[in-house]
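The values are calculated or read from the model by the stated rules, or taken from the named source; none is laboratory data. From a predicted model like this one, the values you see are computed outputs, not experimental measurements. When we count neighbours, we look across all protein chains shown, and the Cβ atoms used for this are built from the backbone with ideal geometry, even at glycine.
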């Protein structure tokens, strides 16, 4: 069993090494940046842009809320048990870990008159897990002298998935000042593990009616869905009791090339010019679903149970007491193994923003900057500032964010962005991005939560992004 777990862990870590967070203020509404067409399909795009596998784009980030490594391991003279108990007292079930990766492998876009078109393929990995606080307390303290304290199953909320996405998009600028955009998407999921929407509790009473303790499982309803793990959890194709690791590795590789887990979705965005300087935007990303039908293995446990111990007797024929308890528990709290098809909505994201464009200078003011000489007043890039609100529903756990950014166009070939955000994971998040170009070759470097670099062990998230693309 440990070998199976390690295979899964290694596979997850392989994709986590390139990850970005879901509320990414550094790329949202970034001037003519290809990575921004998903969170804002109505944005302006370059006349022509191209992303190829030979031109890498790498983004790394992790977000986390709750106790950090510094809280537990700081050399401050305190006892570790005291640190752990203090950290646990501050932990909440709406805190946890969040990862997302979006690798754009191949994509292209072009603009003709007032319309833009684009298509491409990318791979997206996401993982989130929230703290089951009552389970932590049970592990740390046990159940001695804690009668009536409940362990809640609704705190179990976990999801991880790898999805290949094929997309095609269109943007239209209307004479009335409206801009609209849409990306149509086809999803193919390599695999999924998730549990959410559970309810029920475990606790014990003291004294019991027939014994000192009465253990209670109250109204349990627990579901764990998985796709792509049936053969790993059960048996290999030869029907052996242990899994053939080579066959498992080959099965994982095969899943990366496509499965029967198909879905559809879209991104939709609208922008409206309020006047010459102000513009409002609203967009939704990844509004869709996936139908899981490939190597599914799901568990469903439900029911209630009261256990007051075993009355020990010594008959002539031995009695399998623990077998009776097991059978009685399974009778009252049955666990069904399901291989049926299931559907899941994508964790869609909502953005709304307001942008102010700073007054542009006259062309003569740029006379000392040779790169600006070919610009007229209508096409010259201008600096701007924006304010953003963000929402995402992570299987019943809302992820909220708000932020502001300043986009400074320093020269035709150089621009900067400074951002400040707060969200459900980080209260003070300062980010910086720079993008430059040499001819048609564009390159960018981004870093978020800059203050976190002063003490990484106490940080609640770090991000660094770098990449290149061709733009004309």
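Checking each residue of segment 304-322 against the condition of being loosely packed, with under 12 Cβ neighbours inside 10 Å, modelled with pLDDT under 80 and part of a helix (DSSP H, G or I) gives at least one match. Of all residues in segment 414-433, those satisfying the criterion of being over 25 Å from the mean Cα position of the chain (by Cα) and surrounded by 15 or more Cβ atoms within 10 Å (Cβ to Cβ) are 415, 416. Scanning segment 392-413 for residues that are surrounded by fewer than 21 Cβ atoms within 10 Å (Cβ to Cβ) and over 24 Å from the mean Cα position of the chain (by Cα) gives 406, 408, 409, 410, 411, 412, 413.
Residue by residue, here is whether (1) touching a residue at least 40 places away in the same chain (Cβ under 8 Å); (2) more than 18 Å from the chain's Cα centre (by Cα); (3) surrounded by fewer than 18 Cβ atoms within 10 Å (Cβ to Cβ) holds:
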{"position": "125", "(1), (2), (3)": "yes, no, no"}
{"position": "129", "(1), (2), (3)": "no, no, yes"}
{"position": "154", "(1), (2), (3)": "yes, yes, yes"}
{"position": "161", "(1), (2), (3)": "no, no, no"}
{"position": "165", "(1), (2), (3)": "yes, no, no"}
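Assess whether residue 387 counts as being modelled with pLDDT under 80 and either in contact with a strand residue (DSSP E or B) (Cβ under 8 Å, 6 or more places away or on another chain) or within 21 Å of residue 463 (Cα to Cα) (or both). When the stated conditions are applied, residue 387 does not pass them.
The set of residues from segment 206-235 being surrounded by fewer than 16 Cβ atoms within 10 Å (Cβ to Cβ) and at pLDDT below 80 comprises 206, 207, 209, 210, 211, 212, 213, 233, 234, 235.
Note on segment 167-197: residues that are under 30 Å from residue 305 (Cα atoms) and either surrounded by fewer than 18 Cβ atoms within 10 Å (Cβ to Cβ) or free of Cβ contacts under 8 Å to residues at least 12 places away in the same chain (or both) amount to 1. Residues of segment 108-119 that are surrounded by fewer than 21 Cβ atoms within 10 Å (Cβ to Cβ) and within 15 Å of residue 33 (Cα to Cα): 108, 110, 111, 117, 119. Residue 239 - would you say it is modelled with pLDDT under 95 and in a loop (DSSP other than H, G, I, E, B)? It is true that residue 239 is modelled with pLDDT under 95 and in a loop (DSSP other than H, G, I, E, B). Scanning segment 255-303 for residues that are more than 30 Å from residue 219 (Cβ to Cβ), touching a strand residue (DSSP E or B) at 6+ places or on another chain (Cβ under 7 Å) and in a loop (DSSP other than H, G, I, E, B) gives 258, 259, 261, 274, 277, 294, 295.
Across segment 437-450, which residue is nearest to the chain's Cα centre (by Cα) among those that are within 16 Å of residue 51 (Cα to Cα) and surrounded by 14 or more Cβ atoms within 10 Å (Cβ to Cβ)? So, considering only residues that are within 16 Å of residue 51 (Cα to Cα) and surrounded by 14 or more Cβ atoms within 10 Å (Cβ to Cβ), the one nearest to the chain's Cα centre (by Cα) is 444. Strands (runs of 3 or more DSSP E) fully within segment 52-169 that include at least 1 residues being in contact with a helix residue (DSSP H, G or I) (Cβ under 7 Å, 6 or more places away or on another chain) and under 22 Å from residue 182 (Cβ atoms): 96-112, 115-130.
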